[in-house]
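J.: One structure follows; several queries about it will come next.
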Amino acid sequence: MTLYSHSRLSTFEQCPLKFRFRYIDKISVDTAQSIEAFLGSRVHETLEKLYIDLKFQKTNTLPDLIKYFSDQWKKNWNQTIKIVKKDYTEENYRKMGEKFITDYYNRYMPFNDTRILGIENRVVIDLNGDGKFKLQGYIDRLAMKGEDTVEIHDYKTNSNLPLQDYLDRDRQLALYAIAVQEAYPFAKKIRLVWHFLAFDKEMVSSRTEKQLDSLKKETVTLIKTIESTDTFEPNESALCGWCEFTQFCPRKKHEIMAEALPAGKYKDESGVKLVNKYVELKDTEKLIHQELEDLKQALFNYGKKNSVDNITGSDMVARLRKYINIRLPGRNDEDQKKVIDILKKTGAWDNFSALDTFALSKAMKDKTIDADIQNKLSKFAKEAETKMVYLGKK
């Protein structure tokens with residue numbers, strides 16, 4: 001039986017191939033820790049110290065915590081730590097961490113609004129009650145507020161502040177709420193609390209019994225999907241820059257290999273040459289396509305001026321033909337809703353339920369649709385002229 005985690009599930013959702021590399025193939029790579037992860041670890045350590053000491057009735061001063069943070073930073077720093085955003089330095093990130101801790105300390109001092117139940121609590125959730133689907137996690141801080149409320153606290157050092165709707169749908173802390181509910185039956189209310197340290201902002205959410213039941217089912221379904229997957233496809237996104245498996249990924253490994261070549265050999269690499277040649281031909285194709293369109297228009301202008309449909313060349317004849325088609329509002333056109341409404345009210349929706357605008361347009365052009373419906377739809381329809389040039393031997 002596999003013991004899942006929110007991180008494991010998120011990896012699959014982010015990129016199935018990354019999931020395979022990490023959890024199935026278990027590829028071991030020497031990865032450079034990102035500066036963002038390093039910063040997060042040092043801040044979490046500092047806040048962990050703050051609350052552990054409070055359990056023993058010791059209240060750290062702000063200078064105490066800043067010194068602890070700085071000492072941990074120096075102790076753990078190494079030159080392999082990866083800074084993706086090249087405009088910023090180690091010092092920029094360290095000062096950010098100090099600001100996070102300072103703002104947090106000033107907001108919550110003297111830290112007596114709750115009672116600490118645990119720091120870095122490990123929880124295990126049995127998703128369907130038979131032990132077949134289990135999930136584990138670690139809670140940054142678990143606290144009791146009043147007599148019947150338990151709070152799950154999570155510290156975030158990321159640089160974006162999510163919308164409340166996103167937090168109301170967050171899976172991680174909601175899963176932890178299931179475990180807390182089982183561990184503390186006295187808790188009539190469980191609050192999910194996020195501390196977005198970059199914004200000195202606390203955001204809160206909660207879940208109903210019905211929502212937690214739905215979450216269990218959704219998570220089991222996701223696990224079943226993972227376990228039934230045979231082909232783990234890569235999913236290219238902005239997160240690829242932080243991935244440790246890029247040298248194995250079919251979407252990234254050629255880029256890494258080519259970029260590692262000396263400057264003088266880069267353009268001679270066979271893959272680079274093929275792409276450059278393809279781009280060159282595509283650019284030529286665009287020019288030829290535009291030239292053909294210009295020539296087509298010139299032919300139609302000549303035909304109109306001289307009242308001819310066929311124009312003779314040295315060996316071939318250009319036959320000029322025009323077709324009038326009806327064009328209806330497309331998917332991104334707000335008038336499409338009105339078209340759908342007309343079809344539903346007139347009973348014709350079953351014939352065009354997928355709103356195949358091509359089929360509907362053809363039916364209107366051929367007048368095979370009810371005349372009343374055609375009349376109602378006509379104000380949304382536009383005639384589009386198609387010009388074709390057919391070449392044939394003389």
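J.: Can Glu233 be described as in contact with a Pro (Cβ under 9 Å, 6 or more places away or on another chain), charged (D, E, K, R), touching a residue at least 24 places away in the same chain (Cβ under 8 Å) and not assigned by TED's automatic domain parsing to the domain that holds Asp154?
T.: Working: in contact with a Pro (Cβ under 9 Å, 6 or more places away or on another chain): yes; charged (D, E, K, R): yes; touching a residue at least 24 places away in the same chain (Cβ under 8 Å): yes; not assigned by TED's automatic domain parsing to the domain that holds Asp154: yes.
For Glu233, the condition - in contact with a Pro (Cβ under 9 Å, 6 or more places away or on another chain), charged (D, E, K, R), touching a residue at least 24 places away in the same chain (Cβ under 8 Å) and not assigned by TED's automatic domain parsing to the domain that holds Asp154 - is met.
J.: OK, next. Applying the selection to region 237-257, what residues are without any contact (Cβ under 8 Å) to a residue 12 or more places away in the chain and either within 17 Å of Ala37 (Cα to Cα) or β-branched (Val, Ile, Thr) (or both)?
T.: Once the filter is applied, which keeps residues that are without any contact (Cβ under 8 Å) to a residue 12 or more places away in the chain and either within 17 Å of Ala37 (Cα to Cα) or β-branched (Val, Ile, Thr) (or both), region 237-257 yields Ala238, Thr246, Ile256.
J.: Another one. Any idea which of Lys252, Lys265, Lys216 is among the charged types (D, E, K, R) and closer than 28 Å to Asp168 by Cβ? Please lay out each step first, then the result.
T.: Details: Lys252 fails: closer than 28 Å to Asp168 by Cβ; Lys265 fails: closer than 28 Å to Asp168 by Cβ.
Only one candidate passes the filter, namely Lys216.
J.: Would you check which residues across region 97-114 are under 18 Å from Glu36 (Cα atoms) and hydrophobic (A, V, I, L, M, F, W, C) and list them?
T.: As a first pass, look at region 97-114 and keep what is under 18 Å from Glu36 (Cα atoms): 97-101.
Answer for region 97-114, where residues must be under 18 Å from Glu36 (Cα atoms) and hydrophobic (A, V, I, L, M, F, W, C): Phe100, Ile101.
J.: Restricting attention to region 174-212, which residues are among the small types (Gly, Ala, Ser) and at positive phi? Show your work before the answer.
T.: Quick first cut of region 174-212, residues among the small types (Gly, Ala, Ser) only: 174, 177, 179, 183, 187, 198, 205-206.
Once the filter is applied, which keeps residues that are among the small types (Gly, Ala, Ser) and at positive phi, region 174-212 yields nothing.
J.: Could you tell me whether any residue of region 1-8 is part of a helix (DSSP H, G or I), under 31 Å from the mean Cα position of the chain (by Cα) and surrounded by 15 or more Cβ atoms within 10 Å (Cβ to Cβ)? So that I can check it myself, show each step before the final result.
T.: Of the residues in region 1-8, the ones part of a helix (DSSP H, G or I) are 6-8.
Then drop every residue that is not under 31 Å from the mean Cα position of the chain (by Cα), which leaves 6-8.
Those still in the list that are surrounded by 15 or more Cβ atoms within 10 Å (Cβ to Cβ) too: 6, 8.
There is at least one residue in region 1-8 that is part of a helix (DSSP H, G or I), under 31 Å from the mean Cα position of the chain (by Cα) and surrounded by 15 or more Cβ atoms within 10 Å (Cβ to Cβ).
J.: Restricting attention to region 185-219, and to residues there that are closer than 20 Å to Arg122 by Cα and touching a residue at least 60 places away in the same chain (Cβ under 8 Å), which single residue is surrounded by the fewest Cβ atoms within 10 Å (Cβ to Cβ)?
T.: That would be Lys216.
Residue by residue, here is whether (1) assigned to a strand (DSSP E or B); (2) closer than 26 Å to His6 by Cβ holds:
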residue: Asn78; (1), (2): no, no
residue: Ile101; (1), (2): no, yes
residue: Ile125; (1), (2): yes, yes
residue: Asn128; (1), (2): no, yes
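J.: Any idea which residue in region 61-93 is nearest to Lys49 (Cα to Cα), counting only those that are surrounded by 15 or more Cβ atoms within 10 Å (Cβ to Cβ) and within 28 Å of the chain's Cα centre (by Cα)?
T.: Tyr93
J.: Residues in region 108-141 that are surrounded by 13 or more Cβ atoms within 10 Å (Cβ to Cβ), touching a residue at least 60 places away in the same chain (Cβ under 8 Å) and either charged (D, E, K, R) or not assigned by TED's automatic domain parsing to the domain that holds Phe69 (or both): how many?
T.: The total comes to 4.
J.: So Ile27 fits all but one of (1) part of a helix (DSSP H, G or I); (2) among the aliphatic types (A, V, I, L, M); (3) surrounded by fewer than 15 Cβ atoms within 10 Å (Cβ to Cβ); what number is the exception?
T.: Condition not satisfied by Ile27: (1).
J.: Looking only at residues in region 30-60 that are free of Cβ contacts under 8 Å to residues at least 12 places away in the same chain and within 30 Å of Ile226 (Cβ to Cβ), which one is surrounded by the most Cβ atoms within 10 Å (Cβ to Cβ)? Even if it seems obvious, please write down each step before you answer.
T.: So the first thing to find is which residues in region 30-60 are free of Cβ contacts under 8 Å to residues at least 12 places away in the same chain, and the list is 30, 37, 53, 56-58, 60.
With within 30 Å of Ile226 (Cβ to Cβ) added as a condition, the list becomes 30, 37.
Values: Asp30: 6, Ala37: 14.
For region 30-60, the residue satisfying everything is Ala37.
J.: Looking for something in contact with a strand residue (DSSP E or B) (Cβ under 6 Å, 6 or more places away or on another chain), under 30 Å from Cys243 (Cα atoms) and either of a type in the set (Lys, Arg) or at pLDDT below 95 (or both) - is there at least one such residue anywhere in region 76-84? Please lay out each step first, then the result.
T.: Within region 76-84, the first condition is being in contact with a strand residue (DSSP E or B) (Cβ under 6 Å, 6 or more places away or on another chain), and the residues that meet it are 82.
Subset that is under 30 Å from Cys243 (Cα atoms): 82.
Filter once more, keeping what is either of a type in the set (Lys, Arg) or at pLDDT below 95 (or both): 82.
The answer is yes, given that some residue of region 76-84 is in contact with a strand residue (DSSP E or B) (Cβ under 6 Å, 6 or more places away or on another chain), under 30 Å from Cys243 (Cα atoms) and either of a type in the set (Lys, Arg) or at pLDDT below 95 (or both).
The values are calculated or read from the model by the stated rules, or taken from the named source; none is laboratory data. Bear in mind that the values here come from a model prediction, so they are computed numbers and not experimental data. When we count neighbours, we look across all protein chains shown, and the Cβ atoms used for this are built from the backbone with ideal geometry, even at glycine.
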